[in-house]
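First the structure, in the form of structure tokens, and then the observations on it.
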Amino acid sequence: MIVFIIWFSTVSFSLCQNSSDFKALKKELFFTKEYDKDSKPVQDYESTIYVNVELTLNSLITLDEVQQRLTTIGYLNISWHDEFLTWNRQQYGDLDYIYLPQSEIWKPDITLQDSYTGMKELGSDLILATIKHDGRVNWTPFQVFNSYCPVSMTFFPFDRQTCEFVFGAWSMRLKDVSLLIKNVSGIALERSIKENTIWTVVSTSASTAQYHEESLVIFSITLQRKPLYVMLNMVLPLVLLSILNLFTFAIPADSGERMGYTVTVWLSFGVFLTIIGQSLPESSESISFMDIFIVMQLFQSTLVVLLSAILSRFCARNGQTFISSCLLKRIVTYKRGTSVNTSSEIQYDEKETQIYITWKEYVSTIDFCSFWCLLSICILSITALSFYTVYKAEYTLSGK
């Protein structure tokens, strides 16, 4: 008996809400009452329409650092009250809500103000708006958002970017349409955007603003780059190239391959500088520390090429030369493995002596000094730059 009552009630309810009720309601609204989609949907034309806006992002497609463009897929949940789209449910088979194309009703001309591709209407005719019997309208336009996002690559690849979506009623003044935030916690995120392979969503926020006589809602999203890919494909090869640059001095100066080796390493740094330069925005306000590191290594590699050319010239000389530097004398003594023969020393004055060595031994001594000197500089520069970049990035992004 209970099952029969439930079945009968369901059938009766479905029969009451048939297509004829919808047709009669639509005729009443659009023909009898002559609903005008171009007219402000309030009885008092001086009153303000309050529009609630919520942004939901389904996926993050890409953040183009060069063009400074953020491409995302999502939709807006927009709701307002239309005083001319109301009806008595009992007169239309207890019809609670209806669906209508967005082109048939009044809607606020909300646009993405910082759009990268220009201003255009949200949604399409395929999207239906939900109208409740009390005049509550809910419109959810689905969209591919291309928004302008200024990026700062100073701490690349440990950078964090904050992008904004600025929506506003373009042609309607603040006293006509006031935009409100529906979700005060920020942007609603789907699971797919949280599992992005390049970026991690750190936080979102939402706020309202007023620009002249225009009402705005601003949604912000903060993204943290996942640095593993850049570390393996850019940073690690640069460090290895820096090490290869140092071992130029391990190749004999009189070897014909030494100059070709040094020039090849120099060209490799130039190629890396070009590749990284193409992946970063052309900006003089924020220079990446990676760019600074490559330029430093390119400058060092240039010095290595010049020094190798000079030492190759020295190595071709015959005869002997003398050294008076205490450091070089100690190095020569160490490399010979025994004390310098005192018979080869010439008394320069009471405090200094001069050691005569061959030009090849002289070049070998300069190579030894250059190797350890540049190795120390390379280790210190890489360590200092790495720690400074990570520390400064965390310090800056923490808001201190």
Within the stretch 31-46, residues being open to solvent by less than 100 Å² (accessible area, probe 1.4 Å), within 16 Å of residue 137 (Cβ to Cβ) and of a type outside the set (A, V, I, L, M) number 6
State all residues of the stretch 253-278 that are touching a residue at least 24 places away in the same chain (Cβ under 8 Å) and surrounded by 16 or more Cβ atoms within 10 Å (Cβ to Cβ); if no residue qualifies, say none. 253, 258, 259, 262, 265, 266, 268, 269, 272, 273, 276
Go through the residues of the stretch 56-73 one by one and say whether even a single one is open to solvent by less than 60 Å² (accessible area, probe 1.4 Å), at pLDDT 85 or above and farther than 24 Å from residue 192 by Cα. no
Could you pull out the residue among 255, 203 that is under 30 Å from residue 153 (Cβ atoms) and among the small types (Gly, Ala, Ser)? 203
Listed by first then second residue, the pairs whose first member lies in the stretch 88-113 and is without any contact (Cβ under 8 Å) to a residue 24 or more places away in the chain and open to solvent by less than 30 Å² (accessible area, probe 1.4 Å), whose partner is of a type in the set (Gly, Ala, Ser) and not in a loop (DSSP other than H, G, I, E, B), with beta carbons under 8 Å and at least 6 positions apart or on separate chains, are none
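The values are calculated or read from the model by the stated rules, or taken from the named source; none is laboratory data. Small disclaimer: the values here were computed from a predicted structure and weren't measured. We place every Cβ from the backbone using ideal geometry, glycine too, and count neighbours over all the protein chains shown. Heavy atoms of the whole protein, side chains included, go into the accessibility calculation; ligands, DNA and RNA do not. Shrake-Rupley method; radii C 1.70, N 1.55, O 1.52, S 1.80 Å.
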